[in-house]
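Below: one structure, written as structure tokens.
The values are calculated or read from the model by the stated rules, or taken from the named source; none is laboratory data. This structure is a prediction, so every number in the text was calculated from the model and none was measured. Cβ coordinates were reconstructed from backbone atoms using ideal geometry, including for glycine residues, and neighbour counts include every protein chain displayed. The protein model used for the area step is the full one, side chains on, heavy atoms only, and it has no ligands, DNA or RNA in it. Shrake-Rupley method; radii C 1.70, N 1.55, O 1.52, S 1.80 Å.
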Amino acid sequence: MSEKLPGWKDIPIGGMILEAGNAAKYETGTWRSSKPIWDPDKCIHCLQCWIYCPDSSIQVKNEKMTGIDYFHCKGCGLCASVCPDKVQAITMVIEET
Amino acid sequence: MKRVVAYTGNEVAAEAMRQIEPDVVAAYPITPATEVVQAFSGFVSDGLIQTEMMTVESEHSAMSACVGAAAAGGRAMTVTAANGLALMWEILYCASGNRLPIAMTVVNRAMSAPINIHCDHSDSMGARDSGWIQIYSENAQEAYDNLIMALPIAEDKNVLLPIMVCFDGFIISHSIERVELLEDKEVKDFVGEYKPQFALLDLEHPKTFGPLDLQDYYIEHKRQQHEAMKFVPDAVLASAKRFEALSGRKYGLIETYKLDDADVAIVVLNSAAGSTRAVVDKMREQGIKAGLLKIRMFRPFPAELIAQSLAHCKAIAVLDRCDSFGAQGGPVAHEVRSAICNLPKVPKVIQSVYGLGGRDLNIEDIVDVFGDLKKVADTGKVEKVFDYITVRS
């Protein structure tokens with residue numbers, strides 16, 4: 001375990017999380033074994049991937065997809081599977097270190 | 001103002017709960033605790049109190065509902081016994097682990113099987129490691145007093161742990177005694193308005209209860225629970241001091257009777273302390289320097305105080321109304337032996353299991369224990385460290 005983690009005197013009691021939404025700080029991107037690659041030229045911005053993504057990792061601005069948040073994306077591939085057959089703007093590739 | 005009534009243990013427990021008027025009571029009836037739930041739900045139905053009474057389908061649900069209510073920020077209470085307590089098991093740990101100051105009456109009853117509805121301590125003693133504070137009561141008056149004193153202990157900002165108030169099934173729960181009650185307002189003022197430190201319904205401060213806690217933090221949270229227990233004795237004594245000012249009745253972590261100069265002593269908890277006190281007087285008349293140590297607070301265990309109180313004794317007997325099968329004595333005996341083991345001169349110890357399933361502990365049985373203790377004190381030898389008493393051979 002990391003020595004930097006706080007000790008028992010310095011954490012909230014009972015395992016409570018007192019800071020709302022702090023899961024955003026947790027890097028789940030390291031869990032990924034395959035990675036979605038987005039092709040902006042093919043994308044029609046239907047935002048089906050944004051609806052389905054369980055990790056809120058589809059980045060959108062002004063109702064247009066702008067990219068993928070790889071800090072949180074776990075590589076589940078839902079985005080690629082819901083991308084319409086005629087579009088196929090997201091492809092999954094094996095994650096390489 | 002004193003109000004004197006002739007009530008059963010169960011009736012005074014219900015009366016204390018009515019006067020406390022918690023936000024939520026979730027309970028499931030079980031002998032010998034049923035009357036507490038029955039009487040209390042009557043108070044709610046009659047509109048005497050505004051408590052949300054949740055009639056649930058099991059004790060597992062009762063404790064779960066209390067956990068939910070307490071996490072939401074409410075004051076939650078419940079009542080159970082024996083197999084009902086066993087069915088709450090996993091949620092007992094959720095209550096303490098989530099640091100929820102729930103108060104529960106446990107009317108001590110033997111665990112099945114064989115099925116038996118009468119008194120022993122195998123229910124609450126089994127829960128001694130669950131992170132709950134445990135207070136034991138000798139009679140109906142103590143059951144009432146302890147229940148009122150319980151909430152300020154559990155809700156102390158340094159404690160925040162759930163608390164059990166135990167008393168003996170049938171012996172106390174169904175026997176009518178003279179009990180002095182406080183006025184409703186006195187009790188309300190004593191327990192005060194509950195202001196939770198952490199509440200899910202505090203919408204200004206959203207928070208999460210009970211998230212996954214793995215190798216990186218779980219032991220830190222358990223260490224915190226261990227620390228919280230250290231604050232309990234002071235909270236118990238502070239609550240007792242305020243209560244004494246109100247009622248005139250004095251309580252400590254333990255109670256001693258003629259122990260200061262005793263050569264031989266019995267350590268016991270709950271109703272058996274009453275009979276033992278009478279036998280101590282009988283022994284003293286015969287010139288035997290006998291004494292009693294009654295444990296009121298079993299969790300946390302006041303080890304140092306107990307060791308100091310017994311340090312001068314030549315021989316002591318610890319009586320358990322519960323066996324830890326295969327061990328060399330019941331839970332109280334083990335705790336007491338651990339507590340005294342580093343004394344400069346360790347008293348000899350006899351450990352006896354008595355009264356399982358409601359078997360009476362009669363005056364003669366206690367006289368016999370003191371007889372054995374006298375022999376041990378005179379010879380310095382313990383022939384049998386551990387045995388059952390009040391059993392047919």
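Quick look at the values:
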item: Strands (runs of 3 or more DSSP E) wholly inside the range B:149-266 that include at least 1 residues being of a type in the set (S, T, N, Q) and either within 14 Å of chain A (Cβ to nearest Cβ) or in contact with a helix residue (DSSP H, G or I) (Cβ under 8 Å, 6 or more places away or on another chain) (or both); result: B:254-257
item: Matching entry among B:Ala103, B:Ala113 (being small (Gly, Ala, Ser), out of contact with any Ser or Thr (no Cβ under 6 Å at 6 or more places or on another chain) and surrounded by 18 or more Cβ atoms within 10 Å (Cβ to Cβ)); result: B:Ala103
item: Residue count, the range A:1-23 (criterion: within 19 Å of the chain's Cα centre (by Cα) and either loosely packed, with under 10 Cβ neighbours inside 10 Å or facing chain B (nearest Cβ under 8 Å) (or both)); result: 2
item: Where a residue in the range B:116-145 is in the same structural domain as B:Val159 (by TED's automatic domain parsing) and open to solvent by 10 Å² or more (accessible area, probe 1.4 Å) and its partner, wherever it lies, is part of a helix (DSSP H, G or I) and aromatic (Phe, Trp, Tyr), with Cβ under 8 Å and at least six apart; result: B:Gly131/B:Tyr93
item: Residue within the range B:197-210 that is open to solvent by 80 Å² or more (accessible area, probe 1.4 Å) and closer than 30 Å to B:Arg3 by Cα present; result: no
item: The listed residue being farther than 12 Å from B:Ile266 by Cβ and part of a helix (DSSP H, G or I), out of B:His334, B:His312; result: B:His334
item: Filter pass, B:Leu373 being open to solvent by 30 Å² or more (accessible area, probe 1.4 Å), modelled with pLDDT of 95 or more and among the aliphatic types (A, V, I, L, M); result: no
item: Subset of the range B:290-317 [over 15 Å from B:Arg337 (Cα atoms) and either surrounded by fewer than 19 Cβ atoms within 10 Å (Cβ to Cβ) or at pLDDT below 95 (or both)]; result: B:Pro300
item: Where a residue in the range B:333-347 is closer than 22 Å to B:Ser122 by Cβ and its partner, wherever it lies, is buried (at least 18 other Cβ atoms within 10 Å of the Cβ) and modelled with pLDDT under 95, with Cβ under 8 Å and at least six apart; result: B:Arg337/B:Gly329
item: Scope the range B:256-274; condition of a type in the set (S, T, N, Q) and open to solvent by less than 30 Å² (accessible area, probe 1.4 Å); matching residues; result: B:Asn270, B:Ser271
item: Test: residue in the range A:38-48 that is aliphatic (A, V, I, L, M), away from chain B (no Cβ under 14 Å) and touching a Ser or Thr at 6+ places or on another chain (Cβ under 8 Å); result: no
item: The range B:342-367, residues that are under 18 Å from B:Val382 (Cα atoms) and assigned to a helix (DSSP H, G or I); result: B:Ile366, B:Val367
